[in-house]
Amino acid sequence: MTIEQTTLKDCFIVIPLVFKDERGSFFEIFNKKEFSAATGLEINFVQDNQSVSQYGTIRGLHFQVGDFAQAKLIRVAKGEVLDIVVDMRPDSETYLKHFSCLLNDENNHQLFVPRGFAHGFATLSEEAIFVYKCDNFYDKTSERGILYNDSQLNLDWQIPKDQQIISEKDQHQPTLETYLKQ
């Protein structure tokens with residue numbers, strides 16, 4: 001497993017060592033010992049989630065705050081997504097900066113998203129199975145969001161506007177400016 005720092009503090013790309021032969025392939029999804037040695041972070045994942053999305057679906061930008069903030073290890077089991085994270089930690093040197101990467105079932109890359117980051121993804125394949133580990137349990141009262149098409153962030157979701165599928169909830173998230181004033 002190779003772990004690479006992204007342009008955002010504490011956010012990493014995790015590249016597994018994939019073994020392939022005539023039967024198919026095998027790779028280790030997570031190794032706590034190797035992850036801790038490479039990042040200096042002690043993570044204890046307590047919940048795994050999965051979503052299935054069709055082409056054009058944009059989910060996000062979501063995060064949890066306070067005692068229920070979550071770090072996540074994200075991967076795509078089938079298909080391809082554009083994954084985007086925004087550092088929402090006011091004391092971070094990369095505060096309000098964002099990072100994006102392609103996650104798919106070909107490269108098997110994973111993205112480690114630390115607590116305090118907003119997260120979203122756009123489904124670029126016909127269908128995507130999106131899987132992620134969390135180091136804290138979901139708590140509805142701690143859930144927050146930023147509008148996916150916020151003009152200050154100016155994110156490129158790589159989906160034509162007329163093909164974007166966005167939930168009612170995500171269409172009505174606050175802008176970054178509104179969120180920061182709360």
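In the set Lys72, Lys97, Lys140, Lys78, which member is without any contact (Cβ under 8 Å) to a residue 40 or more places away in the chain and not polar (S, T, N, Q)?
Values: Lys72 fails: without any contact (Cβ under 8 Å) to a residue 40 or more places away in the chain; Lys97 fails: without any contact (Cβ under 8 Å) to a residue 40 or more places away in the chain; Lys78 fails: without any contact (Cβ under 8 Å) to a residue 40 or more places away in the chain.
Going through Lys72, Lys97, Lys140, Lys78 in turn, just one is without any contact (Cβ under 8 Å) to a residue 40 or more places away in the chain and not polar (S, T, N, Q): Lys140.
So which of Phe30, Phe26 is modelled with pLDDT under 95 and in contact with a Leu (Cβ under 7 Å, 6 or more places away or on another chain)? Steps first, answer last, please.
Numbers: Phe26 fails: in contact with a Leu (Cβ under 7 Å, 6 or more places away or on another chain).
Result of the check over Phe30, Phe26: Phe30.
Condition test on Ala77, is it aliphatic (A, V, I, L, M), within 30 Å of Glu42 (Cα to Cα) and surrounded by fewer than 17 Cβ atoms within 10 Å (Cβ to Cβ)? Give the derivation first.
Numbers: aliphatic (A, V, I, L, M): yes; within 30 Å of Glu42 (Cα to Cα): yes; surrounded by fewer than 17 Cβ atoms within 10 Å (Cβ to Cβ): yes.
So Ala77 fits the description; yes.
Output the residues belonging to segment 8-28 that are surrounded by 11 or more Cβ atoms within 10 Å (Cβ to Cβ) and either of a type in the set (Asp, Glu) or closer than 27 Å to Gln158 by Cα (or both).
Leu8, Lys9, Asp10, Cys11, Phe12, Ile13, Val14, Ile15, Pro16, Glu28
What number of residues in segment 44-60 are of a type in the set (Val, Ile, Thr) and either surrounded by fewer than 16 Cβ atoms within 10 Å (Cβ to Cβ) or in a helix (DSSP H, G or I) (or both)?
Looking only at that region, the number is 2.
Of all residues in segment 136-167, count the ones that are over 19 Å from Gln64 (Cα atoms) and among the acidic types (Asp, Glu).
Matching residues across segment 136-167 total 2.
Show the residue pairs that are 6+ apart or on different chains and have beta-carbon atoms under 9 Å apart, the first residue being within segment 118-129 and more than 20 Å from Ser142 (Cβ to Cβ), the second being of a type in the set (Lys, Arg) and modelled with pLDDT of 95 or more.
Phe121/Arg59; Ala122/Arg59; Thr123/Arg59; Ser125/Lys78; Glu127/Lys78; Ala128/Lys78; Ile129/Lys78
Kindly indicate which of Leu176, Leu103, Leu155 is surrounded by 13 or more Cβ atoms within 10 Å (Cβ to Cβ) and within 30 Å of Glu28 (Cβ to Cβ). If you could, list the steps in order and put the result at the bottom.
On the way: Leu176 fails: within 30 Å of Glu28 (Cβ to Cβ); Leu155 fails: within 30 Å of Glu28 (Cβ to Cβ).
Checking each option against the conditions leaves just Leu103.
As an exercise: evaluate Ile3 against (1) surrounded by 11 or more Cβ atoms within 10 Å (Cβ to Cβ); (2) within 15 Å of the chain's Cα centre (by Cα) and give the number of the one condition it does not meet.
(2)
The values are calculated or read from the model by the stated rules, or taken from the named source; none is laboratory data. Computed from a predicted structure; not experimentally measured. Cβ sites come from the backbone with ideal geometry, for glycine too, and all protein chains shown count toward neighbours.
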